[in-house]
Amino acid sequence: MKQGKLIIFSAPSGAGKTTIVKHLLSKFNNLSFSISATTRNLRGTEVDGKDYYFISTEEFLHKVSKHQFVEFEEVYSGTFYGTLRSEIQRIWDEGKHVIFDIDVEGGLRLKRKFEEDALAIFVQPPSLEVLKERLAGRGTDSEEKLQERYAKAEKELAYADKFDVILKNFELETACAEAEELVGTFLKS
Ligand code: 5GP
């Protein structure tokens, strides 16, 4: 496959997009996860080269200067995340389509770049309160980091209507089934 398609899942952190993306990966064997590069520390059970490419800020900025990212962002102050061009190519070279779990601005940037080859899905949580509960429940972030995530989540909820589709994640099983339907249809089109 010279160029496959791109399925973009964006949402505020805690909206459930990672779970939905994992579900889709288990259902579609022609999809492959775009592993982003990040400068944040490895968390919990995460694996380098599987969940993220964990790299230093120096290495990240060097890659930026060499134009190696399709998009990148300082998602939280001092913490960078980005999609490497080589990552998308790696997946296309395997004859697969790419699926992204990425923040709202990065998602919209990819959509603008790849246009009709990309399906941009915004995962909407039931409410900001539920989102806050989910983020706090992870127990992996300091209070300061949590406050930063809350503030960002609130801002991101306003971007929903810029996406191709808004997928409500009020009940996980329903949201996964709807996501399957959307992606199946898009990949066949
Ligand atoms: P976390 O630290 O919880 O893994 O991710 C924080 C946020 O960064 C999430 O919204 C996640 O989707 C987003 N993110 C992950 N990879 C990328 C990327 O390559 N680019 C951008 N712009 N955001 C990303």
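Read the figures in this text as sums done on the coordinates, not as results from a lab. Fair warning: this is a prediction, and the values are worked out from it, not measured in the lab. In this analysis, Cβ positions are derived from the backbone assuming ideal geometry, glycine residues included, and neighbour counts consider all displayed protein chains.
Worth pointing out:
- Total formal charge among the other residues, if their Cβ is under 15 angstrom from that of Phe60, Lys/Arg +1 and Asp/Glu -1: -3
- Against the rule of thumb 2.2 N^0.38 Å, how large the Cα Rg of the stretch 113-189 comes out: 1.29
- Amide hydrogen proximity for Val75: with H placed 1.01 Å from N in the peptide plane, the residues at 5 or more positions away or on another chain lying under 5 Å are Tyr81.
- For the stretch 16-137, the residue among His62, Leu110, Gln124 whose Cα projects farthest onto the positive side of the dipole built from Cβ charges is Gln124.
- Annotation for the stretch 96-189: GluC sites (Glu not before Pro) lying in DSSP loop with at most 15 further Cβ atoms inside 10 Å of their Cβ are Glu171.
- Percent RCO, i.e. relative contact order, over the chain, from Cα pairs under 8 Å lying at least 6 residues apart: 33 percent
- Size of the chain as Cα extents on the principal axes (Å, biggest first): 46, 42, 30
- Computed [θ] at 222 nm, deg cm²/dmol, the chain (DSSP H ≥ 4; -39,500 (n - 2.57); rounded to nearest 500): -13500 deg cm²/dmol
- Anisotropy class of the stretch 8-119 from Cα gyration tensor, a/c 1.5 cut: rounded
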